[in-house]
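Trainee: Take a look at this one; I'll ask things after.
No lab work stands behind these numbers, since they all come straight from the coordinates. Here the structure is a predicted model, which means the values were calculated and not measured. Here the Cβ positions follow ideal geometry from the backbone for every residue, glycine too, while neighbour counts run over all protein chains shown.
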Amino acid sequence: MQRNNVTYKEYDSFSAYCAVKNGGFTMIELIMVIVVLGILAASASSLFSSKSAYVTFIARDQLISMSLLAQQAALAQQNTTIVLCVLQSSDDWTFEVRETSCGGTIYVESVVERENASLLQNSAAFSSPQTFTYDSAASLVSGNNVVFLFDGDSDEKVCLASSGYAYSGACQL
């Protein structure tokens, strides 16, 4: 087909046009993709080199989870005192939901390795064990907010609010 002194080739279908037009990726495009993947792999590998980078995240999530379980147990067991026990040893942290006291019947326990991370409670060094008692409305009996800071390769804060609710970050007034 000829138009304005330009010759156009006619194709039977769009797929026929694409088959003639596209021959694949160029070598430069393939090399650039490999370089970008290499850079991403190198930067991501540092995250997986040691688990100490994740210890504070895991501890934060376990404390929040255990406080939620303590709230649920307090609501379910109206005539029983439910406590959240936070213990620290040289190797790990232990979060327990128990009946009556830290020596009472255990409902759930979670152990998190410390990997050289530390724990602060209300900006002071943590002294183990700590007991947080929930009333039948699933609120803390003490009526005070408690801020935990897991200090390691990354820092994570947990607020245990007087309402019994635990969440990541600083406590709101």
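Trainee: Quick check: is even one residue across segment 56-64 exposed (fewer than 14 other Cβ atoms within 10 Å of the Cβ) and of a type in the set (A, V, I, L, M)?
Mentor: No, that holds for no residue.
Trainee: Here's a follow-up. Please go through (1) surrounded by fewer than 18 Cβ atoms within 10 Å (Cβ to Cβ); (2) closer than 19 Å to residue 65 by Cβ; (3) not aromatic (Phe, Trp, Tyr) for residue 122 and return the number of the only condition it doesn't satisfy.
Mentor: (2)
Trainee: May I pose another question? Which of the residues spanning segment 126-173 are in contact (Cβ under 8 Å) with a residue 12 or more places away in the chain, outside any strand (DSSP E or B) and closer than 21 Å to residue 92 by Cβ?
Mentor: Listed by number, the residues that qualify are 126, 128, 129, 152, 153, 154.
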